[in-house]
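What follows draws every value from the coordinates through simple rules; no lab data is involved. Just so you know, these numbers come straight off a predicted model, no measurement behind them. Cβ coordinates were reconstructed from backbone atoms using ideal geometry, including for glycine residues, and neighbour counts include every protein chain displayed.
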Amino acid sequence: MDREQTLAALRERILAFATSRISRDRAEDLTQDVLTVLHEKYPLVTELTDLVPLAFQVLRFKMLDAHRKAIRRGEYNLESVEALPLADRADDPARQLERKQTIERLLAAVNRLGTRCRGLFAWKLEGKSFPEIQRLMGQKSVNTIYTWDLRCRKQLLALLGGTWE
């Protein structure tokens, strides 16, 4: 019996052993890995009496390595996606009410600010940078804009009662 026929016969034994301990797909992958190792690293071993113990030793090492890798990756503790509930995209009614009240408080406080602060906040909400706001407000220094921004935020916070919540 030549080496290829021996490996083909050995493949069935390896696959049966591996399948008895792990899933069929993983067993086939490990069997292929074992045969690759035997073919590449042990080409001089040709006798079936020598190949069988060698093949099963390599298989045990491969299975142990696969087990360690699965533990390291957390594959044993995975939950089925179908078992998880779908996330409700809408906020619950209490959260919606809280958000509505916060927005109303914020709008009332912003309306009580001066025109400079309202304009500054409007440009910030439009995504303008401080140098752009500097040009729009006709100021010579960007530091002036930073100072106004700080003062406007402090004033807004005070109008909100000292908290953003």
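Under Stokes-Einstein, with the Kirkwood radius over Cα pairs standing in for Rh, what whole-number D in µm²/s applies to the chain at 10 °C and 1.306 mPa s?
69 µm²/s
Tell me the Kirkwood hydrodynamic radius of the range 43-117 in angstroms, computed as one over the mean inverse distance between distinct C-alpha pairs.
It is 19.6 Å.
Given the rule -39500 (n - 2.57) for each run of at least 4 DSSP H residues, summed and divided by the residues of the chain, what is its mean residue ellipticity at 222 nm, to the nearest 500 deg cm²/dmol?
My calculation for the chain gives -23500 deg cm²/dmol from helical runs alone.
Would you work out the charge dipole size for the range 3-78 about its Cα centre, treating the Cβ of every Lys and Arg as +1 and the Cβ of every Asp and Glu as -1, and quote it to the nearest 20 debye?
With only Lys, Arg, Asp and Glu charged at Cβ, the dipole is about 380 debye.
List the residue ranges in the chain for DSSP H helices whose C-alpha atoms run 18 angstrom or more along the long axis and whose Kyte-Doolittle average is -1.0 or above.
Going by DSSP H runs, the hits are 3-19, 24-41, 48-73, 93-111, 142-159.
Summing Lys, Arg as +1 and Asp, Glu as -1, what charge do residues with Cβ under 11 Å from the Cβ of residue 65 carry, residue 65 excluded?
Combined, the nearby Lys, Arg, Asp and Glu give +4.
Distance between Cα centroids, the range 96-153 to the range 27-78: provide it in whole Å.
Comparing the Cα centres of the range 96-153 and the range 27-78, I get a distance of 66 Å.
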